[in-house]
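The values are calculated or read from the model by the stated rules, or taken from the named source; none is laboratory data. These figures come from a predicted structure and were not determined experimentally. Reconstructed Cβ throughout: ideal geometry from the backbone, glycine too, with neighbour counts over all protein chains shown. These area figures cover heavy atoms from the full protein model, side chains too; ligands, DNA and RNA do not enter into them. Shrake-Rupley method; radii C 1.70, N 1.55, O 1.52, S 1.80 Å.
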Amino acid sequence: MYQTQREGAYEYRFDNVAKGIYQVELNYAELGWTDPNTRLFDVIIEGRVVTPALDVAGEVGGFAALATSQFVQVDDGQLNVRFISRSGAPILNGIRVTQRPDRTTPL
């Protein structure tokens, strides 16, 4: 999973999503030596900032993985995951969206 990455992605949109709670798992890794604070970006899911100023190199360094997970409510049939650059281009190595009928509210 961490052998390639998407750089500069702005948004992932999942259409025809049933109303309910979803788990969004995002995977990141700097695939080279990158100084902390070189690449900072916000992660916004369903219009809510879930990770402000993410700095993968600052969190885990280079050649290391960072996995995050969020639970979100989808009401409009579309799940949106956005990446807003503060400096450098946002990166993403993996994304997984899972419907969670066992949850009644996002955490």
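Quick rundown of the values:
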| quantity | calculated |
| --- | --- |
| Matching residues in region 91-103 - criterion: being farther than 14 Å from Leu31 by Cβ and under 14 Å from the mean Cα position of the chain (by Cα) | Ile95, Arg96, Val97, Thr98 |
| Pair list, Cβ < 9 Å and 6+ apart or interchain, from region 1-15 residues that are open to solvent by less than 70 Å² (accessible area, probe 1.4 Å) to residues that are assigned to a loop (DSSP other than H, G, I, E, B) and not small (Gly, Ala, Ser) | Gln5/Leu31; Gln5/Asn93; Gly8/Pro90; Ala9/Pro90 |
| Options Gly47, Gly77, Gly62, Gly88: the member that is of a type in the set (Gly, Ala, Ser), surrounded by 15 or more Cβ atoms within 10 Å (Cβ to Cβ) and touching a residue at least 12 places away in the same chain (Cβ under 8 Å) | Gly88 |
